[in-house]
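**Q** Mind looking over this structure? Questions follow.
The values are calculated or read from the model by the stated rules, or taken from the named source; none is laboratory data. Since we're looking at a predicted model, the values are computed, not measured. Please note: Cβ atoms are built from the backbone with ideal geometry, for glycine as well, and neighbour counts cover all protein chains shown.
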Amino acid sequence: MLPALISPALLALAITPQSTVPPASAAPKTGAQNQAPDGNQAPEVGETLVEAPRAKRTATASGISHQTIDAEELAATGERSLPRALARTTGLFVQETNLGGGSPILRGMIGNQILIVVDGVRLNDAATRGGPNQSLNGIDMASVERVEVIRGPASVLYGSDALGGTILIWTKHRAAAVRGSTQAGLRGELFAEYQSMVTGASGGLGLSVGGERDALLGIGSLHDWNDLESGSGPVDNTGYHGLGWFGAYEHALGPKRWFRVAASRTRDFEVPRSDRMNVGFGQTNPSDAENFFMLQDRQRTVLSYTDEESGFTDAMQLRLSLREYDEQRQIRRFNNATRALEQDQTTTVGLGADWRKAVGDSQLFTFGFDVDHDDVDSTKDNLDTGTGVITPSTGNFAPESQYWSSGVFLQDEIFAFDPLDVTAGVRYSHFQFSFEDFTTGDKVDADFDALTGSLELAADLAQGVRISGTLAQAFRAPNLSEVARNATFAGGTELANADLDPEQSLYQELALDLWREGWNASIGVYHNAVSDVIGRVLVNDPTPGVPGDETYRRENTGDLEYVGLELRARARLGGSRSPYYAGTSLEYTRGEQDDNILGQDPASKVPPLHGSVFAGWEDADPLGLLSRTEFSLLWADSQDRLSPADLSDPRVDPNGTDGWVTLNLDFGGSLGPAARGTRWHAGVHNLLDESYRIHGSGIDAPGINAVVGFSAQF
């Protein structure tokens, strides 16, 4: 039985949102209306939901570029992490270097070219690494209320890093009764889940209490994953464990005005860098004997004030944030007696504000500012494992590394050109960094700025047919990871460069949204040209042909160009009230790079053609023992368009990555009344035990996986 499989210490608690509001439809808005998939008007985001004014979806936003997924949808996937759950619910391609990672790829771009925002505050900081990283996996899914995925640039509203897209994460909350809460008093939920592919479990425990003007919520969670079992057998050096907690307090001044404090902490321990400790493609020995993230400790506190009845504007939100990230690594090269003990600590203080103001019926302004200051402290010790002698060394980041970023933005939605809706925006951003030179100790500082604009147009071609177009600029400012960090790369050394220019892009998109009673569909094509891409060049190779002694330097290496097509559709089978549904998604991206030295080649880590097909049944009565069943097929074509970086990457087969197909079955139901009952879910993923690897990943994908979980409300 399940309780016998799961340690009581692994039980976790998540609080059901105070009001249940359907996620935004895939169909576009017309003016202020949002059409639901069945053709009816969908509810606007409820008063009790936490949202920044700039996050409101515009009238010109296309359905293909905007998706909203709520906590219930994420949990129904039975996936163990937020990146994997998003891949299942949105069709995102997610690369996994290790079990503790999960890097989403949006419109061909990955890593610090994707911006992650939590409760209106950036998760990306000045130390965020390029390429695949574990930032999204550092968000505890137990604390997430909903996720909004924005494909394509969003630099006007959110600033640097939003080249390929932006992921907005909103955490759970308990609203005070004066703000529309339907129930006061104490509430809670207990949940747990077991996964056979890692012979591990996750779970949580928490409580919430609400009064007339005050509400408090707390969630605690644990997870423990053993080594992964893939379709081809066990994968060594993959398991890890961790914990997290989340709390939020709200004080309401009235139905439309409130203060909120949200604080969270996630800690993962001994996370292996699997691709470095296991033999990869083209290798006879692994790169490292040891390569662990011994600690990934992420803390966030956000104090916000929201006012939706301000006299000057229609809505405003002011945010003050403190974010801290402590990363400790243990690395020892293969056949080497020296163990490097590295630590990077990043502290970020931020201030931001958004306002919205309607001017008559023809214009809706959104404007605001944000300021962030990052301070990075880096240390390194070398331990001789034979003698036990520890020798202090220079940290990866230069001493006194600091980074300032600031920006102001203005967006105007214009409805005066009926039948054409227009959204225009502009942002000015300024950046400044300083540090002490690694060798001389002299102070190094520089600054740069960016002016960014965007224009969106949309119009109804007929009832239920809407076309939209986007022309947008975006940018990514060089951060401390590039201008002030010397580190290892591919066994050699990578040198920082304080003279880098920002990456800049020009993006175009054309989208068509269709919706009728019972079904909707969206299709879009896009083109993104990125200039001054920050990469690395080889500056010294003492022993050509023998890896491990090369020296690279960060440089603006050239240009990138991406073109792509995306399609999503969903329908109720047998009418808009039918319990049966089906849908499909498809994504294709082609990337090219024009390197200043190497010339023209395919871009790195571009996903192959991939998609999904799903069908399911939802009982009109959610209290039934079996109230939901879904069958899904996920697939990806082969990818043999490889860049020079891919060909030298042990994570990538130089002959190309094979295509794959997986079949999955998920179902669930209720064991009691909805308000005070127990819900359960189960699934069997990769039913055929397919042996495959997601392109660019450092580990093989999970084999057949049985998932069993429950949640008990009280």
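**Q** For region 210-246: of the residues being touching a Gly at 6+ places or on another chain (Cβ under 9 Å) and aliphatic (A, V, I, L, M), which is farthest from ARG298 (Cα to Cα)?
**A** Within region 210-246, the match that is farthest from ARG298 (Cα to Cα) is LEU228.
**Q** Looking only at region 681-692, which residues are within 24 Å of LEU642 (Cα to Cα) and buried (at least 21 other Cβ atoms within 10 Å of the Cβ)?
**A** Residues of region 681-692 within 24 Å of LEU642 (Cα to Cα): 690-692.
Answer for region 681-692, where residues must be within 24 Å of LEU642 (Cα to Cα) and buried (at least 21 other Cβ atoms within 10 Å of the Cβ): just TYR692.
**Q** Shifting gears a bit: Which of the residues belonging to region 368-425 are within 25 Å of the chain's Cα centre (by Cα) and among the hydroxyl-bearing types (Ser, Thr, Tyr)?
**A** Hits for region 368-425 are TYR403, SER405, SER406.
**Q** Still on this structure, please answer the following. Name, by its number, the condition in (1) out of contact with any His (no Cβ under 9 Å at 6 or more places or on another chain); (2) assigned to a strand (DSSP E or B) that does not hold for ARG260.
**A** Here ARG260 clears every test but (1).
**Q** Return yes when ARG323 is buried (at least 18 other Cβ atoms within 10 Å of the Cβ) and outside any strand (DSSP E or B) and no when it is not.
**A** In short, no.
**Q** Being farther than 18 Å from GLY130 by Cα and assigned to a strand (DSSP E or B) is the filter here; which residues of region 146-183 pass it?
**A** Those that are farther than 18 Å from GLY130 by Cα and assigned to a strand (DSSP E or B): ARG146, VAL147, GLU148, VAL149, ILE150, ARG151, LEU168, ILE169, TRP170, THR171.
**Q** For region 278-310, give me each residue that is touching a helix residue (DSSP H, G or I) at 6+ places or on another chain (Cβ under 7 Å) and either hydroxyl-bearing (Ser, Thr, Tyr) or closer than 30 Å to ARG260 by Cα (or both).
**A** Result: SER287, GLN296, ARG298.
Each row is one residue, and each column tells you yes or no for (1) under 24 Å from GLY564 (Cβ atoms); (2) of a type outside the set (Gly, Ala, Ser).
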residue: GLN134; (1), (2): no, yes
residue: GLY138; (1), (2): no, no
residue: ARG146; (1), (2): no, yes
residue: ARG151; (1), (2): yes, yes
residue: ALA154; (1), (2): yes, no
residue: TRP170; (1), (2): no, yes
residue: HIS173; (1), (2): no, yes
residue: ALA177; (1), (2): no, no
residue: GLY185; (1), (2): no, no
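**Q** Find all pairs meeting these conditions: Cβ atoms under 9 angstrom apart; at least six residues apart or on different chains; first residue within region 245-266 and farther than 23 Å from GLY220 by Cα and in contact (Cβ under 8 Å) with a residue 60 or more places away in the chain; second residue surrounded by fewer than 17 Cβ atoms within 10 Å (Cβ to Cβ) and not acidic (Asp, Glu).
**A** As it stands, the answer is ALA252/ARG213; ALA252/PHE259; GLY254/ARG213; PRO255/GLY180; LYS256/SER310; TRP258/ARG213; TRP258/HIS251; TRP258/TYR305, since those pairs meet every condition given.
**Q** Which of the residues spanning region 299-315 are crowded, with 22+ Cβ neighbours inside 10 Å and either out of contact with any Leu (no Cβ under 9 Å at 6 or more places or on another chain) or more than 14 Å from GLY350 (Cβ to Cβ) (or both)?
**A** Across region 299-315, the qualifying residue is only THR306.
Yes or no, residue by residue, for (1) assigned to a strand (DSSP E or B); (2) among the aliphatic types (A, V, I, L, M); (3) at positive phi:
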residue	(1), (2), (3)
ASN237	no, no, yes
GLU250	yes, no, no
ARG265	yes, no, no
THR284	no, no, no
THR301	yes, no, no
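**Q** Going residue by residue through region 376-396, is there one that turns out to be under 27 Å from PRO153 (Cα atoms) and modelled with pLDDT of 95 or more?
**A** Restricting attention to region 376-396, the residues satisfying the condition of being under 27 Å from PRO153 (Cα atoms) are none.
Looking for residues that are under 27 Å from PRO153 (Cα atoms) and modelled with pLDDT of 95 or more, one finds none in region 376-396, hence no.
**Q** May I pose another question? Taking GLY102 as meeting all but one of (1) touching a residue at least 40 places away in the same chain (Cβ under 8 Å); (2) surrounded by 22 or more Cβ atoms within 10 Å (Cβ to Cβ); (3) closer than 30 Å to PHE191 by Cβ, write down the number of the exception.
**A** The number of the failed condition is (1).
**Q** Between a first residue in region 702-714 that is closer than 30 Å to SER691 by Cα and a second residue that is among the basic types (Lys, Arg) and part of a strand (DSSP E or B), which pairs have beta carbons less than 7 Å apart while being 6 or more apart in sequence or on different chains?
**A** As it stands, the answer is PHE710/ARG679, since those pairs meet every condition given.
**Q** For a quick check of your reading of the model, give me the residue pairs whose first member lies in region 459-477 and is more than 26 Å from ALA569 (Cβ to Cβ), whose second is of a type in the set (D, E, K, R), with beta-carbon atoms closer than 6 Å and at least 6 apart or on different chains.
**A** ARG476/ASP161; ARG476/GLU503
**Q** So is THR346 closer than 30 Å to SER434 by Cα, under 28 Å from the mean Cα position of the chain (by Cα), surrounded by 14 or more Cβ atoms within 10 Å (Cβ to Cβ) and not acidic (Asp, Glu) or not?
**A** yes
**Q** Having 1 or more residues that are closer than 30 Å to GLU587 by Cβ and without any contact (Cβ under 8 Å) to a residue 60 or more places away in the chain is the bar; report the strands (runs of 3 or more DSSP E) wholly within region 491-549 that clear it.
**A** Details: elements: 492-495, 503-516, 519-540.
Result: 503-516, 519-540.
**Q** When only residues in region 582-608 that are assigned to a loop (DSSP other than H, G, I, E, B) and surrounded by 17 or more Cβ atoms within 10 Å (Cβ to Cβ) count, which is farthest from the chain's Cα centre (by Cα)?
**A** ALA603
**Q** Run down ALA162, ALA201 and say which single residue is touching a Pro at 6+ places or on another chain (Cβ under 9 Å) and aliphatic (A, V, I, L, M).
**A** ALA162
**Q** Have a look at ARG577, ARG568, ARG641 and point out the one that is within 27 Å of the chain's Cα centre (by Cα), surrounded by fewer than 16 Cβ atoms within 10 Å (Cβ to Cβ) and more than 22 Å from LEU688 (Cα to Cα).
**A** ARG641
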